[in-house]
Every structure is written in C-alpha cells, then in structure tokens.
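A.B. asks: One structure, as structure tokens, below. Some questions next.
The values are calculated or read from the model by the stated rules, or taken from the named source; none is laboratory data. Computed from a predicted structure; not experimentally measured. Because the Cβ atoms are built from the backbone with ideal geometry, glycine has one as well, and the counts that use them run over all protein chains shown. Please note that ligands, DNA and RNA were not included when accessible areas were found on the heavy atoms of the full protein model with its side chains. Shrake-Rupley method; radii C 1.70, N 1.55, O 1.52, S 1.80 Å.
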Amino acid sequence: MQKAMSLRPGQSTPPDLINRMLGGNFSAMEEMGDPVMKPFLQDVMQFGPLVSTISKQMVNDPAFVPPLLAHVGPGASAAS
C-alpha cells in the first residue's frame, strides 16, 4: 500500500487515485469489522486481513484495479 501512495519523479497519476484507494480500503475493512480493521490501524501486517481487504475492494470496485496496477506496476505487487 505504501508503494501505491507514492509517486516516482516525473510520474503523473489520476488526481483521485490515492483517495479512491484509501476510501475503498477503509470501506472494505469497515464492512468486515474489527478483526480486519484493527491490524491495519495498529500498523501490523497480517496476511489474512490484507488479502481479505484487497479482495473485497476488487469486488466492490473492479474498475479500480487497472489504474492501480498501472500506477504501481504488476511487478511491484508481486515483489511486495
């Protein structure tokens, strides 16, 4: 997620990209409750809640996946 919220020098992105990503993440986590939300708010990386959040966001807003992948690049998500 940190990679998605950063810009490389000279990179341009849609103006709402980061807000849309964060809004989608928080919406997904809120729908799934405290077991998913708390690790994120405590800055604790847990595989289950992370996969649940990403999956839920992809289901809720599938049109957002292509611009996000274009921003971070498919190799970045595989390397994270």
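A.B. asks: Carbon and sulfur: what percent of the chain's accessible surface (1.4 Å probe)?
C.D. replies: Answer for the chain is 62 percent, counting heavy atoms of protein chains only.
A.B. asks: Further, regarding this structure: Report the convex hull volume per residue for the chain, counting only C-alpha atoms, in Å³.
C.D. replies: For the chain, the hull spanned by Cα atoms encloses 94 Å³ per residue.
A.B. asks: Can you tell me the FRET efficiency between Asp43 and Leu22 if r is taken as the Cβ-Cβ distance and R0 is 22 Å, rounded to the nearest 0.05?
C.D. replies: After rounding, the FRET efficiency stands at 0.90.
A.B. asks: With every protein chain left in place, what is the accessible area per residue of the chain in square angstrom, probe 1.4 Å?
C.D. replies: Computed with neighbouring chains in place, this is 68 Å² per residue.
A.B. asks: Let me have the relative contact order for the chain, percent, based on Cα pairs under 8 Å that are six or more residues apart.
C.D. replies: 35
A.B. asks: Continuing with this model, one more query. On a 0 to 90° scale, report how tilted helix 17-32 is relative to the longest principal axis of the chain, with both axes built from alpha carbons and the result rounded to the nearest 10.
C.D. replies: Once rounded, one gets 10 degrees.
A.B. asks: Now for a different question. Rounded to the nearest 10 degrees, what's the angle between the helix 47-60 long axis and the longest principal axis of the chain, both from Cα atoms, 0 to 90?
C.D. replies: In the chain, helix 47-60 runs at an angle near 70 degrees to the longest axis.
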